[in-house]
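Reading through the structure tokens given below for one structure.
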Amino acid sequence: MQEKIQRQITMLQQIPRHPRRITANEIVERLQDRQYRVGLRTVQRELKAMLDMGMFGIELDDRAKPFGWYISACWNDFSIKMMDKSMALAFYTLKHNANQFLPPQSLKQLSPYFEQADQVLGNDPESPWLYWACRVAQLPAPLPVCLIEPDKKSLEIVQNALLNKRQLVCKIQRFVKGNDYWVEYDPINPQGIRISDGVPLLIFTIGKLHHKIYARPLDSLKDIRLLETPIIEIPTQKLPEQIQKSNTIDIKLLFSPQSNFILRNAKLSEDQTCVRLNDGNYYVCATVIDTPSLRAYLWQMNDTVEVVAPSKLRSHFARLYSKLHQKYQHGAIISNAPPGYSGKNTVKGMDICTK
């Protein structure tokens, strides 16, 4: 029995990964070269048994004789055919969230697992795992708007550049005084991809001597070309630190006692301090990253929070409130309406055009 197991292990070691293949006759010859006395029918029978077990990644190419045997390219000591419902749910979840996080080569290799996961979950309509898959999902974007999806070809080029540590040439959309321009940058060094508010951002530096880190939405890049030159790399452990460092601010806020932030005992950061003042308001200090999400969060709380510092952020909200106040002081009059708009209605003293 021990000799048989050793022979079968040796036989498995002779089978190459796809796209290479080996015939049963070639396996017999290799086994005989290793002093195993075995015939063609025995090898064929054991190969078929291993294939049916689905535990070794063995596949059969029977499109033309002589038939070829190979190990699936995506085999990683995990049997597709032995996938249970718990593992199927994991692959199902990965399938629906992996496009922006995995390079195309990985997705291609994982496609058999994704297909098997769909089949396993779909075989039992009453399965609690299928119920979970249908009921628990990530919304496509955290913002109440339809976001522009990055071009698939452009995303693939960027992913390949990042995977192979190669530079890119591309045009980046820039806005200057309300006008947009496409400026070519040659070269740029892709450093990573970050997902912010559902938007994939390319993190990069420019050229050889410019070390500032930039982040731009992938849909604001076009005419992307992959170069053969290697990137000027920022060490992985320093990348998040440098990204955050460039946008880190010490924020000071005044919250009213009715603010949801105070009622929920929320925290902006681990180093946050919160002091209740004599007038009942709360004085909050924290070190945070100045992001659009932070500003949107503060804007959402509007009348229950006041930005005290930094002055740049306080001025930002002061300008917004001033503009908003001016807009709503008078009726909204829409002139030079595009074709398809007609009529004028008045709602609470505001003149508006309706479609």
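The values are calculated or read from the model by the stated rules, or taken from the named source; none is laboratory data. Owing to the predicted nature of the structure, the values given are computational and were not obtained by experimental measurement. Cβ coordinates were reconstructed from backbone atoms using ideal geometry, including for glycine residues, and neighbour counts include every protein chain displayed. The protein model used for the area step is the full one, side chains on, heavy atoms only, and it has no ligands, DNA or RNA in it. Shrake-Rupley method; radii C 1.70, N 1.55, O 1.52, S 1.80 Å.
Okay, here's what the table says:
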| quantity | calculated |
| --- | --- |
| Full-extension gain in nm, residue 96 to residue 186, via 0.36 nm per residue minus C-alpha separation | 29.0 nm |
| Probe 1.4 Å, protein heavy atoms only - accessible area per residue of the range 145-225 in square angstrom | 58 Å² |
| Gain in span if fully extended, residue 328 to residue 194, counting 0.36 nm per residue against the direct Cα distance | 44.5 nm |
| Sorted peptide list for 120-130, 181-191, 273-283, criterion being average Cβ within 10 angstrom, highest first | 181-191, 120-130, 273-283 |
| Gain upon complete extension [residue 73, residue 277; 0.36 nm per residue less C-alpha separation] | 67.0 nm |
| R0 of 25 Å, Cβ-Cβ distance residue 287-residue 314: FRET efficiency to nearest 0.05 | 0.90 |
| Solvent-accessible heavy-atom area per residue, rounded to whole Å², over the range 1-136 at 1.4 Å | 67 Å² |
| Value of relative contact order over the range 155-203, rounded to a whole percent, pairs C-alpha under 8 Å and six or more apart | 30 percent |
| Packing rank of 5-12, 33-40, where each peptide gets the mean count of other beta carbons within 10 Å, highest leading | 5-12, 33-40 |
| Amide proton proximity set for residue 231, modelled H, under 5 Å, gap of 5+ | 166, 167 |
| Order by protection proxy (mean Cβ within 10 Å, highest first), peptides 158-171, 201-214 | 158-171, 201-214 |
| Solvent-accessible surface (1.4 angstrom probe) belonging to residue 72, in square angstrom, nearest 10 | 20 Å² |
